[in-house]
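The values are calculated or read from the model by the stated rules, or taken from the named source; none is laboratory data. A quick note: this is a predicted structure, and the numbers were derived from the prediction, not measured. Positions of Cβ are generated from backbone atoms using ideal geometry, with glycine treated the same way; all protein chains shown enter the neighbour counts. The protein model used for the area step is the full one, side chains on, heavy atoms only, and it has no ligands, DNA or RNA in it. Shrake-Rupley method; radii C 1.70, N 1.55, O 1.52, S 1.80 Å.
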Amino acid sequence: IHQSKDSLRFDTLLDYSKRFNSPAVIKRLGFLLEMLNIEHPIINDLLQLRTTAYVLLDPELPSNGKYTDRWRIRINIDVETLISAIYQ
């Protein structure tokens, strides 16, 4: 997402997120867009689509870490490590 943010078709990305019909995908996508400081109107659409249940940011890792109420995600991965991997 970060590498192609200038050419990404955000409306298509939103459409695919809806078709996938996964609250976890919608929440993770919105969280990642904000974490990467990618401002786009689909963030508001994603916020409207999120459910009340919390999901893990990385479903492969243990269920620990802080909760974020905005996206209803449990951040179970070090965000700084994630960001540094993106910008390398």
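Scan region 76-88 and report the pairs whose first residue is open to solvent by less than 60 Å² (accessible area, probe 1.4 Å) and assigned to a helix (DSSP H, G or I) and whose second residue is of a type outside the set (Asp, Glu) and modelled with pLDDT under 80, with Cβ atoms within less than 7 Å and a gap of 6+ or a chain change.
Between residues of region 76-88 that are open to solvent by less than 60 Å² (accessible area, probe 1.4 Å) and assigned to a helix (DSSP H, G or I) and residues that are of a type outside the set (Asp, Glu) and modelled with pLDDT under 80, the close pairs are Ile86/His2.
How about region 1-33: which of its residues are assigned to a helix (DSSP H, G or I), without any contact (Cβ under 8 Å) to a residue 12 or more places away in the chain and under 19 Å from Thr68 (Cα atoms)?
Val25
Scan region 54-70 and give yes if some residue there is among the charged types (D, E, K, R), in a helix (DSSP H, G or I) and open to solvent by less than 50 Å² (accessible area, probe 1.4 Å), otherwise no.
No, that holds for no residue.
Which pairs have Cβ atoms under 6 Å, sit 6 or more apart or on different chains, and link a residue in region 34-47 that is more than 16 Å from Phe20 (Cα to Cα) to one that is open to solvent by 30 Å² or more (accessible area, probe 1.4 Å)?
Pairs found: Leu36/His2; Ile38/Lys5.
Can you give me the number of residues within region 34-46 that are among the hydrophobic types (A, V, I, L, M, F, W, C), closer than 20 Å to Arg9 by Cβ and in a helix (DSSP H, G or I)?
Result for region 34-46: 3.
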